[in-house]
Amino acid sequence: MDAPNALEHHPHAPPPTDPDPPGPPSPPPTAAATATDPLNNPYASLNDLSHELSSLQELATRGSWRSILDKVARARTNHLLTKPHEHLTYLSFHLIALTKLRRFADAVAELDSLDSDLDSSNYHYQSYPHHYPNITGSMVPFVLRWLHAELPAKLGNRQETLDRFYTLLHFVRSKLSDSSNLSHFCVELWKKREVFVINTIISHHLSHKEFVICLALIKDLIGKSEGSSSEDKAALLSKLGYVQMQFGDLEGAKATFSAIEGLVSEGKGGVEMENLVSRNKALLYIVGRDYVSAVREYDVCIERDGGDAVAINNKALCLMYLRDLSDSIKVLENALERVPTATLNETIVVNLCSMYELAYVNHSDIKRTLSNWISRVAPDDFDASSTRI
Amino acid sequence: MSGTQAAPHSLAFRVMRLCKPTFHVETPLRFDPFDLLTGEDLLNDPVAAQHLPRLLGSQSINSKSTESDLTYRSRFLLQDPYDAVGLSGLLVLPQSFGAIYLGETFCSYVSINNSSNFEARDIVIKAEIQTERQRILLLDTSKTPVESIRAGGRYDFIVEHDVKELGPHTLVCTALYSDADVERKYLPQFFKFIVANPLSVRTKVRVVKETTFLEACLENHTKSNLYMDQVEFEPAQHWSATLLKADDHHSGNDALTREIFKTPPILIRSGGGIHNYLYQLKTSALESAQMKVEGSNILGKLQITWRTNLGEPGRLQTQQILGSPITRKEIELQAVEVPSVIILEKPFTVHLNLTNQTDRMLGPFEVWLSQSDSHDEKVVMVNGLQTIVLPHVEAFSSTDFQLNFIAMKLGVQKISGITVFDTKEKKIHDPLPDLEVCYLYLGGLVSTLNIFVDSD
């Protein structure tokens, strides 16, 4: 169905064209008007993009996903969303919140209840010319496509997710191959999305230890990364090194990490890059069982960046392999207390609880103390089952 | 507590297997602001393209410094594109004991906790591995007992043991100590595990002319993928071995990819995956048939090193791999010439050669075609003398003779049962019964001869 009126049926879909929209005070601008008028920037703040988008974004960065669910519900009930694309933006935040809170069935149900599929012209700017004069193309936020592919795996259907991601990859690639009508910036965005989808596919194969295909996909990405920054190239090669280490190809990992060091001298450096190189070096020490040198490398990282969670976590593990369980616990406890927003993640909590179980015969007390602290400080999406209480 | 006279222990052992950690992998829920805050094609609009990059760029993670950032934005926004792989380099401790296999190293963190309110003193700690066959001591502090473990304190150690036996193993940890009570207390604790076989190796040996080929099929019985770090064939004395590999096709676009992806890694899938290795073996000494030793033929053995997560190694070697048994034959019988056209019920002559492969004179011989006792019709009949007499044959020399046959059946046929009888030693030289193959016109043992019989 091509008529915009088809959207009426869906409670969360954009409303039918309203002759007198109560939307933003200024009418949608034309290119000519703003090109020469710096004072009339239609995108001065996030709220210009969508109703109260600043607030949504703020809540998301604080991990207040329950508040986001409330906010979306209120906006829908009180009909606060006036433009078609706002419904899709709110839908996206809603789905992300449900997924973050592990309410996967609810997320799938909501996505399934959309009347049209994401390629329908109901979601094209040009279907609503008075809302979006002179704008063409799809108003679907790309995350909706990504979530549509990711959610089946969360409900146990991994094969469906893989199929959808490979289909999505094909979709992105066909956009790129037919890019004559896209602006340069748009093309760059779609290339980023291609990399995003491939990365997600790699993570799924990696979770299932399908290493050979991960290597093939990473090799493909390396080929595409010719024009990337040194930092991005280094990040990608590091992933390759970690995959090689994960399945045991130590010689391969060493070669990969040397290639990264070669890149660093080309690039500008910066704390991020320096710490990446140091952490990679530390990993080589770990596989060589030289935990003392690994700890030394991680200390250098922490000196440069007190919030380097990977360095802190891995240093604690090295201390354990050095028979120093007490200090390994201290490192993690101190880090959680000092820089919780950087270090409060489920993996660090799992490691700390493993250490507690080893260190204390009656470890439930100390784990409960940790759990109580987490519930006060953690974001809504923190997985409390990581304490294994 | 069972309520017996034994006082409760102040100390307790806590044990955690300490194999190498693994990388944490998880598909993250982290996004690029451009994929969430706008429609996917909005940047097509020149106005949007002019202003949005600046606006949305300010939302990205890199624009805020880490130290002052008190939000959980790193759980929501991607920092670099490859964060989406979900492989940050965070290591995770082993979460369960897991499976343990022959050839691996058992490593464990052992912590003795004093959960009482009293000090424990003069602690003699022992740790050993008990198997069906032996006890292996890993740690013994009898000579220098641990002086004290305070109330609430711990004493830690790490033990390691290369696993060389299959089946049940027990890590036995014992502590002999004094606490507030008068008598010394003895605390034994037992931690059991079972060692299984990680790999099975099936071999096939084939001899083609002068070369022996060894095919080894490795099957992975473990729950992990095994990275085959090294699989080497160590040949026995007088043998040399070369690994035969298929050509590698490298589609590396640039030097970096080609360098990194030089040799594709050999990964054998968990739970039944296999990989085949093919070796070409040659005898190094200048040997002729006379030098072959009777009995079994030892080719060598395979040394296998595999790795799992973070390079955790395992090592095994196979038993001696045997080639085909070689029996020294005293007599070699070969068909030298067979007519190319053999007509049904018409006589034909086969020229044969008998070689004495020993260092003494053998013979005289009688040669005949033994009758099979099956109900089948005879394929050929001997035409003329049913038994041929051959004179002595000198050491290492040969004699030629002929046998005359009449073909009784059409088509491709086998002549079997040519028997050579040494009249002096009263011995029938029976060619090996399990050799079915016969090469026409080539050497090789002949008890069967393939011929093609045509009609007129």
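Tabulated results
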{"quantity": "Hey, A:L147 assigned to a helix (DSSP H, G or I), surrounded by fewer than 20 Cβ atoms within 10 Å (Cβ to Cβ) and within 12 Å of chain B (Cβ to nearest Cβ) or not", "calculated": "no"}
{"quantity": "Selection from segment B:181-200 of residues that are in a strand (DSSP E or B) and either open to solvent by 80 Å² or more (accessible area, probe 1.4 Å) or touching a Gly at 6+ places or on another chain (Cβ under 7 Å) (or both)", "calculated": "B:Y186, B:F190, B:K192, B:I194, B:V195"}
{"quantity": "Flag if A:T369 is β-branched (V, I, T) and in contact with a helix residue (DSSP H, G or I) (Cβ under 8 Å, 6 or more places away or on another chain)", "calculated": "no"}
{"quantity": "Residue that is open to solvent by less than 80 Å² (accessible area, probe 1.4 Å) and outside any strand (DSSP E or B), where the choices are B:T203, B:T174, B:T212, B:T222", "calculated": "B:T222"}
{"quantity": "Only one of A:K224, A:K209, A:K192 that is more than 8 Å from chain B (Cβ to nearest Cβ) and open to solvent by 10 Å² or more (accessible area, probe 1.4 Å)", "calculated": "A:K224"}
{"quantity": "Options B:V124, B:V110: the member that is farther than 22 Å from B:V182 by Cα and open to solvent by less than 40 Å² (accessible area, probe 1.4 Å)", "calculated": "B:V110"}
{"quantity": "Residues that are within 7 Å of chain B (Cβ to nearest Cβ) and open to solvent by 10 Å² or more (accessible area, probe 1.4 Å), drawn from segment A:236-251", "calculated": "A:K239, A:Q246, A:D249, A:L250"}
{"quantity": "Residues located in segment A:272-301, provided they are open to solvent by 70 Å² or more (accessible area, probe 1.4 Å) and part of a helix (DSSP H, G or I)", "calculated": "A:E272, A:E274, A:K281, A:V292, A:R296"}
{"quantity": "Qualifying residue in segment A:262-271 (condition: closer than 23 Å to A:T343 by Cα and in a helix (DSSP H, G or I))", "calculated": "yes"}
{"quantity": "Residue satisfying condition, being touching a Gly at 6+ places or on another chain (Cβ under 8 Å) and at pLDDT 95 or above, within set A:N314, A:N351", "calculated": "A:N314"}
{"quantity": "Unmet criterion (only one of (1) assigned to a strand (DSSP E or B); (2) at pLDDT 80 or above; (3) surrounded by 13 or more Cβ atoms within 10 Å (Cβ to Cβ)) for B:Q334", "calculated": "(2)"}
{"quantity": "Test result for B:S116, outside any loop (DSSP other than H, G, I, E, B) and hydroxyl-bearing (S, T, Y)", "calculated": "no"}
{"quantity": "Sole exception among (1) without any contact (Cβ under 8 Å) to a residue 12 or more places away in the chain; (2) touching a helix residue (DSSP H, G or I) at 6+ places or on another chain (Cβ under 7 Å); (3) not polar (S, T, N, Q) for B:L137, by number", "calculated": "(2)"}
{"quantity": "Residue within segment A:312-329 that is assigned to a loop (DSSP other than H, G, I, E, B), more than 7 Å from every other protein chain (Cβ to nearest Cβ) and within 29 Å of A:K219 (Cα to Cα) present", "calculated": "no"}
{"quantity": "Restricting segment B:150-169 to residues that are assigned to a strand (DSSP E or B) and within 13 Å of chain A (Cβ to nearest Cβ), the residue that is farthest from B:S108 (Cα to Cα)", "calculated": "B:R154"}
{"quantity": "Residue match in segment A:153-176 (condition: buried (at least 16 other Cβ atoms within 10 Å of the Cβ) and modelled with pLDDT under 95)", "calculated": "yes"}
{"quantity": "Inter-residue pairs, beta-carbon under 7 Å, first farther than 30 Å from B:P46 by Cβ and in segment A:107-134, second open to solvent by 80 Å² or more (accessible area, probe 1.4 Å) and at pLDDT 95 or above, 6+ apart", "calculated": "A:V108/A:L155"}
{"quantity": "Residue check for B:Y72: open to solvent by less than 10 Å² (accessible area, probe 1.4 Å) and touching a helix residue (DSSP H, G or I) at 6+ places or on another chain (Cβ under 7 Å)", "calculated": "no"}
{"quantity": "One residue from B:I123, B:I100 being over 30 Å from B:L199 (Cα atoms) and touching a residue at least 24 places away in the same chain (Cβ under 8 Å)", "calculated": "B:I123"}
{"quantity": "All positions within segment B:299-331 that are of a type in the set (A, V, I, L, M, F, W, C) and surrounded by fewer than 16 Cβ atoms within 10 Å (Cβ to Cβ)", "calculated": "B:L322, B:I326"}
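The values are calculated or read from the model by the stated rules, or taken from the named source; none is laboratory data. Please read all numbers here as calculations on a predicted model, not as lab measurements. Because the Cβ atoms are built from the backbone with ideal geometry, glycine has one as well, and the counts that use them run over all protein chains shown. The protein model used for the area step is the full one, side chains on, heavy atoms only, and it has no ligands, DNA or RNA in it. Shrake-Rupley method; radii C 1.70, N 1.55, O 1.52, S 1.80 Å.
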